[in-house]
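> Got a structure here, written out as structure tokens. Questions coming.
The values are calculated or read from the model by the stated rules, or taken from the named source; none is laboratory data. Not measured: the values here are computed from a predicted model. Backbone-built Cβ (ideal geometry, glycine too); neighbour counts: all protein chains shown.
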Amino acid sequence: MSHRPNALWVYAHPACRSLNAELHQAGTAALATTHTVTTSDLYAQDWDPRLSLRDITGAPDNGQTFGELTRATFLAGELPEDVRTEQRKLAEADLLVLQFPLWWYGMPAILKGWFDRVFVNGFAFGVQDPETGRTLKYGEGGLAGRRALVITTAGDRHSSFLPRGLNGDIESLLFPLLHGTLWYAGIAPLRPHLVSGTDRPGWTGHADEVRRLTTRLATITDEEPIPYRRMRDGDYDADRVLNRHILPDRDDLGVHQHH
């Protein structure tokens, strides 16, 4: 019997009656035809986004960094139960779906806090190769073997998110999330799914956008992730700068992808 993949859908929008709510309901139903879907509705869960002293068991003034303290707390199995629940969901997932509105060029604070508290040292990063002792990152790491789809809604028109658009292209805007968080921890991100123009007067694209998302989800297992370069493959020098013989005439963020 073939393996039925698991998906974790993390949803970060406060309104029960919204475009995002429509996309969430239709999207999870569509994905459930091919995946076993678990959801984390952060607002409904009243998720606390604050990484604070309650997330550690050691003393913060003993010379250790907060990252070291959360690592020790994780390895001791003493993280708060809400964090451990999210980590269990993520550990079981083959696909991570992140859905949120684009607020001030980034994710809502509640979702940022989900990453702060769940993607801790020892779990998502700071994991060593047992044979070489090398720390695994950028294409490897604690969450390697998973893929991720980012779904985000934005008020401005589609053309403004193109490479020469006023807002910058969507992959560059989301680079800190796609590359600096997901890829850093070993998760291979797919091309982001942007729903744009939602604040334009007279916008009536609800049904079309629901249809576009569900159509994409029907074949999501066939998609290739963004071809980011792995740090271990020799494309970067000792200072973690891309070797000059690779795309020597370019300095944009796209150089970190294989072409």
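> Could you please find all residues in the range 235-251 being surrounded by 10 or more Cβ atoms within 10 Å (Cβ to Cβ) and at positive phi? Talk me through it step by step, then tell me what you get.
Looking only at the range 235-251, we keep the residues that are surrounded by 10 or more Cβ atoms within 10 Å (Cβ to Cβ), and these are 235-237, 242-243, 246-248, 250.
Answer for the range 235-251, where residues must be surrounded by 10 or more Cβ atoms within 10 Å (Cβ to Cβ) and at positive phi: just LEU247.
> In the range 55-73, is there at least one residue being in contact with a Pro (Cβ under 9 Å, 6 or more places away or on another chain), closer than 30 Å to ALA207 by Cα and in contact (Cβ under 8 Å) with a residue 24 or more places away in the chain?
Checked against the condition, which is being in contact with a Pro (Cβ under 9 Å, 6 or more places away or on another chain), closer than 30 Å to ALA207 by Cα and in contact (Cβ under 8 Å) with a residue 24 or more places away in the chain, the range 55-73 yields no hits at all.
> Return the residues of the range 161-180 that are surrounded by fewer than 17 Cβ atoms within 10 Å (Cβ to Cβ) and assigned to a helix (DSSP H, G or I); say none if nothing qualifies.
SER172, PRO176, GLY180
> Only one residue in TYR228, TYR236 is over 27 Å from ASP94 (Cβ atoms) and in contact with a strand residue (DSSP E or B) (Cβ under 8 Å, 6 or more places away or on another chain), so which one is that? Outline the logic, then answer.
Values: TYR228 fails: over 27 Å from ASP94 (Cβ atoms).
Going through TYR228, TYR236 in turn, just one is over 27 Å from ASP94 (Cβ atoms) and in contact with a strand residue (DSSP E or B) (Cβ under 8 Å, 6 or more places away or on another chain): TYR236.
> Would you mind stating whether GLU22 is within 30 Å of ASP208 (Cα to Cα), at pLDDT below 95 and not in a loop (DSSP other than H, G, I, E, B)? Lay out the reasoning, then the answer.
Numbers: within 30 Å of ASP208 (Cα to Cα): yes; at pLDDT below 95: yes; not in a loop (DSSP other than H, G, I, E, B): yes.
In short, yes.
> Which of the numbered conditions does ALA30 fail, given that it passes all the others? Conditions: (1) in contact (Cβ under 8 Å) with a residue 12 or more places away in the chain; (2) out of contact with any strand residue (DSSP E or B) (no Cβ under 7 Å at 6 or more places or on another chain); (3) in a loop (DSSP other than H, G, I, E, B).
Failed condition: (3).
> Now for a different question. Being in a strand (DSSP E or B) and not β-branched (Val, Ile, Thr) narrows it down to one of ALA148, ALA144, so name that one. Steps first, please.
Details: ALA144 fails: in a strand (DSSP E or B).
After applying the criteria, what remains is ALA148.
> Of the numbered conditions (1) outside any strand (DSSP E or B); (2) more than 10 Å from the chain's Cα centre (by Cα); (3) closer than 24 Å to ARG216 by Cα, GLY202 fails exactly one; give the number of that condition.
So GLY202 meets the others, but not (3).
> Which number in (1) outside any strand (DSSP E or B); (2) surrounded by 16 or more Cβ atoms within 10 Å (Cβ to Cβ) marks the one condition that GLU78 misses?
Status for GLU78: all satisfied but (2).
> Do you know which residues across the range 126-152 are under 15 Å from the mean Cα position of the chain (by Cα), among the hydrophobic types (A, V, I, L, M, F, W, C) and surrounded by fewer than 21 Cβ atoms within 10 Å (Cβ to Cβ)?
Selection gives ALA144 alone.
> From the residues in the range 81-117 that are part of a loop (DSSP other than H, G, I, E, B) and among the aliphatic types (A, V, I, L, M), which one is nearest to GLY186 (Cα to Cα)? Reasoning before the result, please.
At the first step, the residues of the range 81-117 found to be part of a loop (DSSP other than H, G, I, E, B) are 92-94, 102, 104-105, 107-108.
Subsequent filtering for residues that are among the aliphatic types (A, V, I, L, M) retains 93, 102, 107.
Values: ALA93: 13, LEU102: 24, MET107: 20 Å.
Per the stated criteria, the residue is ALA93.
> Contact list please: Cβ distance under 9 Å, first residue in the range 108-132 and over 15 Å from ASP82 (Cα atoms), second residue buried (at least 19 other Cβ atoms within 10 Å of the Cβ) and of a type in the set (Asp, Glu), pairs at least six apart or on different chains.
Listed by first residue and then by second, the contacts come to VAL127/GLU140; ASP129/GLU140.
> Can I ask one more? For the range 39-51, state whether one or more residues are of a type in the set (Asp, Glu), more than 16 Å from ARG216 (Cβ to Cβ), in contact with a helix residue (DSSP H, G or I) (Cβ under 9 Å, 6 or more places away or on another chain) and part of a loop (DSSP other than H, G, I, E, B).
Taking the range 39-51 and keeping what is of a type in the set (Asp, Glu), we get 41, 46, 48.
From what is left, the residues that are more than 16 Å from ARG216 (Cβ to Cβ) are 41, 46, 48.
Now drop any that are not in contact with a helix residue (DSSP H, G or I) (Cβ under 9 Å, 6 or more places away or on another chain), which leaves 41, 48.
If we keep only those that are part of a loop (DSSP other than H, G, I, E, B) as well, we get 48.
Scanning the range 39-51 turns up at least one residue that is of a type in the set (Asp, Glu), more than 16 Å from ARG216 (Cβ to Cβ), in contact with a helix residue (DSSP H, G or I) (Cβ under 9 Å, 6 or more places away or on another chain) and part of a loop (DSSP other than H, G, I, E, B).
> Can you spot a residue in the range 186-194 that is surrounded by 15 or more Cβ atoms within 10 Å (Cβ to Cβ), part of a strand (DSSP E or B), of a type in the set (A, V, I, L, M) and in the same structural domain as ARG117 (by TED's automatic domain parsing)? Spell out the reasoning first.
Filtering the range 186-194 for residues surrounded by 15 or more Cβ atoms within 10 Å (Cβ to Cβ) gives 186-194.
Next, only the ones that are part of a strand (DSSP E or B) stay: 188-189, 193-194.
Cutting the leftovers down to of a type in the set (A, V, I, L, M) gives us 188, 194.
Cutting the leftovers down to in the same structural domain as ARG117 (by TED's automatic domain parsing) gives us 188, 194.
Yes, the conditions are met somewhere in the range 186-194.
> From LEU98, LEU149, LEU111, LEU136, which residue is in the same structural domain as HIS179 (by TED's automatic domain parsing), modelled with pLDDT under 95 and not polar (S, T, N, Q)?
On the way: LEU98 fails: modelled with pLDDT under 95; LEU149 fails: modelled with pLDDT under 95; LEU111 fails: modelled with pLDDT under 95.
Checking each option against the conditions leaves just LEU136.
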